[in-house]
């Protein structure tokens, strides 16, 4: 079993940027070499700006290469909560922004010729309890009332066998617009395109401090100092002490994944007959999909802990048991890969873009980063290049996480509470939250 991302292990990097010289001065310095930073860098470089992407590890090393490879529709909070919180008109606009984000990924893949197995398989949202299924029916009514979108379909338990070979769920909702892709190949494709347009990609260049002098910024890295007119922070779940205002607003929650050995075509087809990108309604969410080579990728918030080899192995055992519960036919399947990473959860579970202390930021994807990071990064890049008047989500207040001033000491307590709630809901059919 490899303790590394399947996406890393099966993709070829576009280049070795560990020796790229850190430039002395640029128009825009981007902190973080994931989907946000690379899509912003590509957009800026295309419009003639000088750009440096400063990455502590390698391009795509963080959440961008550690996720499930799903670009799926819908807000993290759901359309119903969004309507109650923001009003129907604004909630629909937010929902449509997620739709546009998947289109952004698809257009980048097509325009840049990135071979990353992008395909619109559709999304399968699964209900664990009857109450969850009622929630899906309410969401269906709201989504299907939005003009010019294909209808979503809700299935009860008796109909669900056409979508998933599992007795675990009481129903589900199918949205045909969700997509799957090989995120390792996508990240490397973006990196190669940004470099070809002149963006300077600097790996092993951790930013140690950022100071402001008038309208300019000085970024001290482990490989040199950069003077920049603008700074974009694109660190998602790896936001740290260099930007304390942002760190207080991002909760780094561990998400862990296992990937099986290659399965026979017959077995793979029996699990997810239509190849949907699937996730369920538990607080400690399970999400799963078939990989391009017929493995099952199965992930979740197995433990509210940070990722390290020991934590990843412990999480793998939890996820293997969970996978065998959802899919008993995989009880004897070998696990070939396991890894963990950090998801950037915010208090309101919303994406946030904006400016603080003269620095721009885009983060808070709350488990929807594949499409939202690529899309929001591109939109911030367009704004910084003077090609748009605003970027999405900048109108939202960005609350701090109460009690969060450094390492997230409270995560085990949050995880324990989530386990209790999930267990109670399963026992009672979701009559209490």
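Over all pairs of different C-alpha atoms, the chain has a mean inverse distance whose reciprocal, the Kirkwood radius, equals 21.9 Å.
Normalised by residue number, the volume inside the convex hull of the Cα atoms of the range 250-365 is 128 Å³ per residue. DSSP finds beta bridges in the chain, and of those with both partners inside it, around 70 percent are antiparallel.
Per the Cα gyration tensor, the range 245-301 maps to an equivalent ellipsoid with semi-axes of 29, 12, 9 Å, ordered largest to smallest. The relative contact order of the range 1-153, computed from alpha carbon pairs under 8 Å that lie at least 6 residues apart in sequence, is 16 percent. Considering only C-alpha atoms, what is the centroid distance from the range 272-289 to the range 136-184, in Å? Their Cα centres are 10 Å away from one another. Only Cα pairs under 8 Å and 6+ residues apart enter the sum, and on that basis the relative contact order of the chain stands at 24 percent. Taking the chain as a Gaussian network, where each spring joins two C-alpha atoms under 10 Å apart, which residue of 358, 299, 122 fluctuates the most? Among 358, 299, 122, the largest mean-square fluctuation in the Gaussian network model of the chain belongs to 358. Using the Stokes-Einstein relation with a Kirkwood hydrodynamic radius computed over Cα pairs, the translational diffusion coefficient of the range 21-70 at 10 °C and a viscosity of 1.306 mPa s comes to 138 µm²/s.
Three principal axis extents describe the C-alpha atoms of the range 100-174; from largest down they are 44, 30, 16 Å.
Here the scattering of the range 150-190 is modelled by Debye summation over its C-alpha atoms, one equal scatterer each and no solvent; at q = 0.16, 0.23 Å⁻¹ the log10 of I(q)/I(0) is -0.57, -0.76. Largest mean-square fluctuation among 34, 192, 48, in a Gaussian network model of the chain whose springs join Cα atoms under 10 Å apart, belongs to 48. Across the range 126-237, how large is the tail of the calculated P(r) beyond 22 Å, expressed as a percent of all Cα pairs? Above the 22 Å cut-off, the range 126-237 has 61 percent of its Cα pairs.
Relative to the longest principal axis of the Cα atoms of the chain, the long axis of helix 130-144 makes an angle of roughly 60 degrees. For the options 186, 398, 256, a Gaussian network treatment of the chain with springs between C-alpha atoms closer than 10 Å singles out 398 as fluctuating the most.
Across all directions, the shadow cast by the convex hull of the range 328-405 built on its C-alpha atoms averages 8.6 square nanometres. The long axis of helix 309-326 is offset from the longest Cα principal axis of the chain by roughly 30 degrees. What do you get for the angle between helix 88-112 and the principal long axis of the chain? Use alpha-carbon atoms, 0 to 90 degrees, nearest ten. Tilt relative to the chain: about 70 degrees.
Any read-out appearing in this document is the output of simple, stated calculations on the displayed coordinates, not a laboratory observation. Computed from a prediction, not measured in an experiment: that's the story for all the values here.
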